[in-house]
Each structure stands twice: as C-alpha cells, then as structure tokens.
Amino acid sequence: MALPAGTVTFWMTDIERSTRLLQDLGARYAEVLAEHHAIIRAALRGAGGTEVDTEGDAFFCVFRTARAAVDAATQAQRDLTGHAWPGEVPVRVRMGLHTGEGLLGCTGYVGLDVHRTARVAAAAHGGQVVVTATTRALMEDAWPPGVGYVFLGSHRLKDLDSPELLYQLVIEGLPSRFPPLRSLEAPTYDLPSTQSSFLGRSREVADLARLVEEHRLVTLTGPGGVGKTRLAVRTGAELSARFPGGVAFVPLAAVRDAELVGDEVARALALPVGAYSGESGTRRLAEQLRGRRMLLILDNVEQLLPGAAEIGRLVDALDEVTVLTTSRAPLHLREEQEFPVGPQDVPADPGEPSPVLLEHAAVQQFLDRARAARPDFELRPEDLPHVARIVCAVGGIPLAVELVAARVRSLSLGKIADRVGNQLGLLRGGPRDLPDRQRTLRDTLQWSYDLLDAAPRALLAVLAAFPGGAALEALESVADGLLPCDDVLDALDPLVEHGLLMPSVDDTDRYRTLQVVREFAAEMLARSGHSDEVWRRHALWLRDVVAEAAPLLLTEQQAEGLRRLREEYDNLRAVLDRAVVADPESAAELAVPLWRYWQMRGHLAEGADLLDRLLQGLPADGDPARRAAVLSARGGIAYWQLDSAAMTAAYEEAAELYERIGDREQLAEALYNRVFPLMLARDFTAGERMAKRSEELFTGLGDAHGAARAMFGRALATIHLGRHEDADDLLRRAAATFREREDSYHLGWSLRMRGRNLLLLGRLAEARELLDEAFGHFARDDVSAVLLFMSDYAALAGLERDAERQVRIVGAMQRMQRVTGTDLVDYSMNEPLGLEESLTALGDRAELIRAEGAAMDDDEAVRYALDL
Ligand SMILES: Nc1ncnc2c1ncn2[C@@H]1O[C@H](COP(=O)(O)OP(=O)(O)O)[C@@H](O)[C@H]1O
Ligand SMILES: [Mg+2]
C-alpha cells in the first residue's frame, strides 16, 4: 500500500515486558501475540491508518491526521484493557505518537521524526499513550469524547539533542496515573569527546577508579597539559555503571567565582531553572540530587582555590554525589584525596630495543599524533630512537608530545629531535620535579610558537580573548586587520595543524584552545600591544550576538535564543568581567538584554552582582538612558528574587530618569514595572494610580499591547482593593487584546488572574474553567508559573472544603518551592486560600497528609493538583 508523504502522524506500540510474558506463557504466548495483533490492526483499520512495519510485538503505523492516530491509539488501549487474555495475564502496551515529516526512503520512512516517535514510545509505560507537543497542537479542538491529555513536562530523550515537551492521553475509564517516564531513569550526560585515542594510563585509571569508589572527593593534580582532564573523563566513562545517577562533566575553566559552581553544576545537569549559587542554592541543588548516586567531574578548578571552602561546602551538602576534580594544586579540603598525575611513561634510554621503546605510552602517543598529522607517515626502524629522544626531551608531557609530533609535517624526526633537544636544553635524564615540568611545557609551547609564521602567531594571541571558544566569524571580525594575511583561515589552519587549536568535534565551525595554551596566548597578546583593541572588538561582536539572540527568548524560538547565548556564555562572562571596570558603558549595552537569559537560566545572583557593579561603575555624568536601562534590568532580576527593596529602588530610579529625559515609551514601561513593588508593599492605591498612568501613556502612544499590560497591573490593585467586578472587566479586556496579538504568555497570566479573582468571589466552577485554560499556555518547565497554579488549585480545593486534597497539594507545592527557590508564591495574591481551616479540620492528620504531598514527584503533583 502506498505510504502517505508530507505531514503525517506516526504511531508506535510495543508490549511491556514481552520477554517476561513469553517465559511465563510459553507456547500460549503465540496466542497472546495473535490476539494483540488483531486488536491493534482492527483499531488501525477503524481509523484509516496504514501499517508500515511490524516486528515481533512492535507496530509502526502512520496516519494522515493526528486525530486519526489518537482515535486508533485510544481504541486499541480500550480493547487491550477490556480483552480476556489467554492465561489471564495482563497485556500492557506502551504507545507513542508524534507528528512530523513523512520522508520516504526506498524502504519506507526515514528521518529524525521516525526516530523521535520510537523514543517517545520507548519512554512510555504499558497502558500509557505519550504524544509530542506537535501532535497535541494539531489536535487543538478535535479531541474525541472521553479523551483528554495531561502535560508530562519537558524530557530529554536518548540520542535527541533538544528536550521534548510530552503529553499523555487521558482516556476515560482507563488508568491514567503512571510512574515517571522511562526517559528519566538513567540520565546520561555528554562527556567531552576528543578525536585522539586515549593511550597508556591503564594503571592510573584502575587506581583512580578504586579511589573514586572509596572516597567522595578526589582531586587530580599536576601541571597544565599533563593529562588530568583526559584521565578524569576516561575514568568517569569507565565507572559509569557504578553511578546509576550518571556521570557528568562540569567545565569550570571560565568560572572565576567559587560561589557559582552550583549554578554550573545545574547547567551541566540541565536541572530546572532556578538559583543554585550560594548557600541557599546549595541546599536546592542537594534537594534536586537527593537519591542520585552520581559522579560529578569538576574540571579545572585551580583558579577557584581561594574559594575552595565553598566547593567543600558543596561537596558536603551533596552527600550521595562523588566529586572528581582536576586542578594544578590540591584544594586542601578535609575529605579530599589527592591523586597526582605525572607525565606519560618515557624510555629510560633511546638505545633500548625497538619493541621495548614501542611499549612506552609517550612513544605511542607521539606516533599516534604523527600519523594524524601526516596520513602517509611511516616509521622507519632507525627513526625510533629519535622519537625516544623527542619524548624524553619534552618529559613525556602529553600536550608537549602533541605539539612536537605535529611538526612531522615539515621536519624529519632527526631534525625535530635535534631542535627540540637544543631548544629545551633538557636532554638530561633522571626524574623531574614539578616546576621543571611546567618549564618544559612552557618551553615546548615557545618552541612551537617560534616555528609559526607571523599570521598564525598573531591569531594565537587573539584567541586569548576567547575562553569559551571562538566561532569562525567571530575570529574574522575580531582579528580583522590585525593579521598579516587576508584570510583568517590562512592563520587558523597552521594553528590547528600544530595542535594549538582544536576544531570542535561537532563541526560547528568553532575552535577551542586548552587552558595552558590560552595562558601562553595571553602572554603573547599582552606583548602584542593589541590587547585592549582585541577585547573591545570581541565585546562589539558579542553585542551583535546578544542583540540577535536575546529577543528570541520571549518568542517561540526561545530554545534557539538560549542555545546561542549559552554557546557564547563563557566569552560573555570574560568580556563583561573586563568591561565592567574598563568600559562600563559598553558593558551595559551587553548586560541589559542579557538579563532575561540570567533569569531563565537561573543565574540570578551572578546577574544581580554584575549589574550592581555596573551601576557603581557607570560615570555620574554618563547617558541617563543607559543607566535607566541597567536599572530596569536590575529590577527585573530583583523581581524574580522577590527582593522587594532592590526592585523598588531600581524601578523608581529608572522611572525618574526616563521622566527627566522625556522618553515616554520607556516611561510607560517603567511605570508599569513600578506597579509590582507597590503591590508587594501592599500600597494598592498607589499601585492603581501608577498602573493608570502607565495605561494612559501607552494609550496616548497608540500602544494597545502596552495598555493591556498596564490594565493587567491595574486589575491586580483593583482586586486587592476589593473591586472584583471592575477587575474582571479589566482582565477580560486585557485578555482579548493578548489573544488578538497571539501573546500567549500574557494571555495565560490574565486568564489565570481572572480565575483567581473568581475564586475570591466564590464562583468556583467558572474559576476552575479559567485556570484550566490558563495553565495550557505555560510550559511545564516554567517553574514559577507551575507553582502559582498549584497554589490556585489548592485554593480551589480549600474553598470546596476538601481539606485533605488541599493540604496534599500544599505539601507538594512547598517542596517544589523549596527546591526551585520560587518565592513569589508567598505573595498574598497567590496564597492557597482557606488553608488554616483545612489544617484545623484535619488536626493531627494534617502533617501526615502534607508529607504525602511532599513525597509526590513534580509530574505526579501537577497531575494530582489538576485532578487528572
Ligand atoms: N592518555 C592520553 N592519551 C592521549 N592523549 C592524551 C592523554 N592524556 C592527555 N592527552 C592529550 O594531551 C593534551 C593535554 O591533556 P589534558 O587532559 O587537557 O591536560 P590537563 O587537563 O592536565 O591540562 C590534550 O590534548 C589531551 O588530549
Ligand atoms: Mg584540564
């Protein structure tokens, strides 16, 4: 039968624990399978779908519409559940639905969407139908009777880059509560990959593995380039079976403040957005990771040594987590086990017989890198002693070996051996101490650098300003005119060839340097006299990146915006860190649009700190509009921190400045912002006045959308002032505007606020309807929104006199609040109304029920609160 192309909906199913069934049923399994097939095929035919492929107990089918696929899945689950199975075994089938492009290859469908459907189905439990956001969106108003859905959250599925928003069908009469999706059971994190093979070190890996299994904090120490990071990653990968909670790599080379390590860990683990820095942040992190036996590799912490105690506190708090750090020097923490990493094994004497020479890891590494540099490289037996001399000269330090090996492109082995020997003057034998090794690497870097032409030398210096790696276009823009060549690529290639620069593994035209190489480059940059110019240009480049990416954050392309900014984040940090002192005005241009990123990624403390430093640094006689913009950003951060005093101060000063300059648009915005601190301060009359002024200004400017937001602010005040009918009217009008403008974010909030208002009026049924609709406008990982809704539903339960239900929801909500640091729930407008009465009614049982609520995981809690 011809398969449909274009937009299609895929349906995949398979029987849960089929192997087990087969064992239990023996020959009768064939009967079960036949009846299962008949049920699936009947449902498929009934809905007009096509069977693409069947293998064992797994079906792969396709439909022209999402609705038809939902019909088939629903019918199949109903029939499977109602069926009298041979041997009376329950047969539970997991199902996944996804809508995407039906790309036809020669043997059927191909492409990522097929893959995605398979992963979605695999994440489901028997009896559960999981659908992707695309399928759900296409269903819109076409849900069959008795079928609904519930949001399951954003999930990382195996092999797929970006997380998926997943939903579950809720079919009347069938079970609808399932354990957390199977996608989450064994988290896997990306460990950095390299193109070179890992050589030698088998004893180190074994010793280190043992140490890591016995101690909670192990530090690999040794000079830069000696192989600490490689060893840590390798050992982590080998130990993955020991850590069911996963092995994660947290790069810290670009982090300068030990307080931020928690944030970086959260970032590496893709935890829900929240504030994970400082003491309270550590507590949240601990709560998030509770029960997870995992290994965290904190890579490159030597620059954080002054804040080592902070890292110690973090390790103490995460008591089921094992931490492996790499550092040039130990952290000197109580529980720390130091594991010094030495150079690779080198020959004692270049005159050893060939087979013996070839056993040394340093020799193997040299040959491996030489072959990578020159595919036609062939080792003549008489050259082996040269290799031995070379690796001895560079002391077996892996990075130095790499740098020297890259030279086989242009020099014979004998020449390299002579030159390296002379230059380093280190052909003496015997053990070397640590400063000696550092000097060896420094000398090797210098040697390698001296052999470069002027253009790559100049480019290497520029790279010192890119701790987060550099995109090719970034280099083109920053290095423009500073290199004695026309094309950056001419300077770039030799750096890559000689091992000073690495192209990223996922061919995204990004280049990285190792920390030690960057330090050397920084010396060269300082010497070049272009340092300020290079940093200034990098700041300009990043300004454009931010100007493009930051506006995406409030649109449907949010994920793309986050990705772009995350890629450049370490560079942004470095540039901002310099500019905040050296050139606060351009730092401001970068930082202001970045505040939403800080908010969404939970870097609140870091953002607040930087903006505060900026406000101090901006010249008193500078541009007032710039200062006002920084203040508005600062106020936004303070709002998410529920830091009322900071928010008031920032928004007030911003409004004054805009008033003085006479920028009416910005003033209207600033007045709108000011409504919120007034609400928190419970000065509702002033809040209403402020919102009115903002609305009038927006209306005068012909900005209906702005006016609708101001109306929303006004409604808040009006509710507090007890004029509920007025508030309802304002919110209706605001919602209409947002709907018309397709502003789902503000539409969601205004519907929710109407629902809240009706709760206060006791119109419970209408309130529930509004809240249900409103909740559909928020992503499940928008933690603050989820929590406010939980509180609304708790209020609803309280007002319906269902004390148990209310207290259970509140228990769950309080746990989530603690974990994420979303404190806005405590604001009076968001309270779970009627809680006191419920607690009194339950008496002694209240605590137990609250604890039951706290024991639910996030998905379960949301489903419970929404009564699904
Ligand atoms: N065992 C090894 N096998 C192959 N290459 C290695 C090995 N150890 C280190 N290297 C290479 O040497 C360079 C420096 O290693 P790295 O782990 O980054 O050092 P460190 O973290 O101590 O600064 C890297 O390019 C790395 O790939
Ligand atoms: Mg390292």
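The values are calculated or read from the model by the stated rules, or taken from the named source; none is laboratory data. None of these values were measured; they are calculated from a predicted model. Please note: Cβ atoms are built from the backbone with ideal geometry, for glycine as well, and neighbour counts cover all protein chains shown. When the accessible area is computed, the model is the full protein with side chains, heavy atoms only, and any ligands, DNA or RNA have been set aside. Shrake-Rupley method; radii C 1.70, N 1.55, O 1.52, S 1.80 Å.
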Mind telling me which of the residues Asp570, Asp612 ends up being closer than 22 Å to Ala266 by Cα and out of contact with any Leu (no Cβ under 7 Å at 6 or more places or on another chain)?
Asp570
Specify the residue that is farthest from the chain's Cα centre (by Cα); the eligible residues are those in the range 726-743 that are open to solvent by 50 Å² or more (accessible area, probe 1.4 Å) and either closer than 16 Å to Glu665 by Cα or at pLDDT below 95 (or both).
Glu740
Can you confirm whether Leu260 is in contact with a strand residue (DSSP E or B) (Cβ under 8 Å, 6 or more places away or on another chain) and of a type outside the set (S, T, N, Q)?
no
The range 186-214 - residue that is surrounded by 12 or more Cβ atoms within 10 Å (Cβ to Cβ) and in contact with an Asp or Glu (Cβ under 7 Å, 6 or more places away or on another chain) and, of those, nearest to Thr322 (Cα to Cα)
Ala209
Taking the options Val363, Val346, Val315, name whichever one is in a loop (DSSP other than H, G, I, E, B), away from ligand 2 (no atom under 16 Å from the Cβ) and open to solvent by less than 60 Å² (accessible area, probe 1.4 Å).
Val346
Of the residues in the range 324-342, those that are within 17 Å of Gly262 (Cα to Cα) and either open to solvent by 30 Å² or more (accessible area, probe 1.4 Å) or away from ligand 2 (no atom under 16 Å from the Cβ) (or both) number 0
Criterion first (in contact (Cβ under 8 Å) with a residue 12 or more places away in the chain and away from ligand 1 (no atom under 16 Å from the Cβ)) does Glu320 satisfy it?
yes
Which of the residues belonging to the range 295-307 are away from ligand 1 (no atom under 16 Å from the Cβ), open to solvent by less than 10 Å² (accessible area, probe 1.4 Å) and free of Cβ contacts under 8 Å to residues at least 60 places away in the same chain?
Leu296
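Each row is one residue, and each column tells you yes or no for (1) surrounded by fewer than 19 Cβ atoms within 10 Å (Cβ to Cβ); (2) part of a helix (DSSP H, G or I); (3) away from ligand 1 (no atom under 13 Å from the Cβ).
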{"position": "Gly236", "(1), (2), (3)": "no, yes, no"}
{"position": "Val250", "(1), (2), (3)": "no, no, yes"}
{"position": "Ala266", "(1), (2), (3)": "no, yes, yes"}
{"position": "Thr282", "(1), (2), (3)": "no, yes, yes"}
Is there a residue in the range 459-479 that is over 30 Å from the mean Cα position of the chain (by Cα) and either open to solvent by 10 Å² or more (accessible area, probe 1.4 Å) or within 16 Å of ligand 2 (Cβ to nearest atom) (or both)?
no
Filter the range 65-96 for residues that are hydroxyl-bearing (Ser, Thr, Tyr) and open to solvent by less than 10 Å² (accessible area, probe 1.4 Å) and give the result.
Thr74
Looking at the range 349-360, which of the residues that are touching a helix residue (DSSP H, G or I) at 6+ places or on another chain (Cβ under 6 Å) and under 8 Å from Ala388 (Cβ atoms) is least open to solvent (accessible area, probe 1.4 Å)?
Leu357
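Residues checked against (1) aromatic (Phe, Trp, Tyr); (2) open to solvent by 60 Å² or more (accessible area, probe 1.4 Å):
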residue	(1), (2)
Leu562	no, no
Glu568	no, no
Val575	no, no
Val580	no, no
Tyr597	yes, no
Arg601	no, no
Leu610	no, no
Asp621	no, yes
Asp643	no, no
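Let's see how each residue does on (1) crowded, with 24+ Cβ neighbours inside 10 Å; (2) part of a helix (DSSP H, G or I):
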| site | (1), (2) |
| --- | --- |
| Ala372 | no, yes |
| Glu382 | no, yes |
| Val387 | yes, yes |
| Gly396 | yes, no |
| Ala400 | yes, yes |
| Leu403 | yes, yes |
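Looking at Leu220, Leu231, can you tell me which residue is in contact with a strand residue (DSSP E or B) (Cβ under 7 Å, 6 or more places away or on another chain), at pLDDT 90 or above, within 16 Å of ligand 2 (Cβ to nearest atom) and over 19 Å from Val315 (Cα atoms)?
Values: Leu220 fails: over 19 Å from Val315 (Cα atoms).
Residue meeting the stated conditions: Leu231.
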When Ala417 is run through (1) within 46 Å of the chain's Cα centre (by Cα); (2) under 25 Å from Asp493 (Cα atoms), the failure sits at (1)
Considering only residues of the range 498-525 that are within 14 Å of ligand 1 (Cβ to nearest atom) and assigned to a helix (DSSP H, G or I), which is modelled with the highest pLDDT?
Phe520
Residue by residue through the range 702-725, note down the ones that are open to solvent by less than 60 Å² (accessible area, probe 1.4 Å) and in a loop (DSSP other than H, G, I, E, B).
Asp703, Gly722
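Are any residues in the range 114-130 under 22 Å from Leu104 (Cα atoms) and either of a type outside the set (Gly, Ala, Ser) or not in a helix (DSSP H, G or I) (or both), and if so, which ones?
Residues of the range 114-130 that are under 22 Å from Leu104 (Cα atoms), as a first pass: 114-121.
Val114, His115, Arg116, Thr117, Arg119, Val120, listed by residue number.
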What about Gly617, is it on the phi > 0 side of the Ramachandran plot and at pLDDT 90 or above?
no
Please identify the pairs in which a residue from the range 2-23 that is of a type in the set (D, E, K, R) has its Cβ atom under 8 Å from the Cβ atom of a residue that is assigned to a helix (DSSP H, G or I), counting only partners at least 6 apart or on another chain.
Asp14/Ala121
When you look at Arg292, is it within 21 Å of the chain's Cα centre (by Cα) and assigned to a helix (DSSP H, G or I), yes or no?
no
Restricting to the range 126-144, count the residues that are at pLDDT 90 or above and either closer than 23 Å to Arg20 by Cβ or open to solvent by 30 Å² or more (accessible area, probe 1.4 Å) (or both).
5
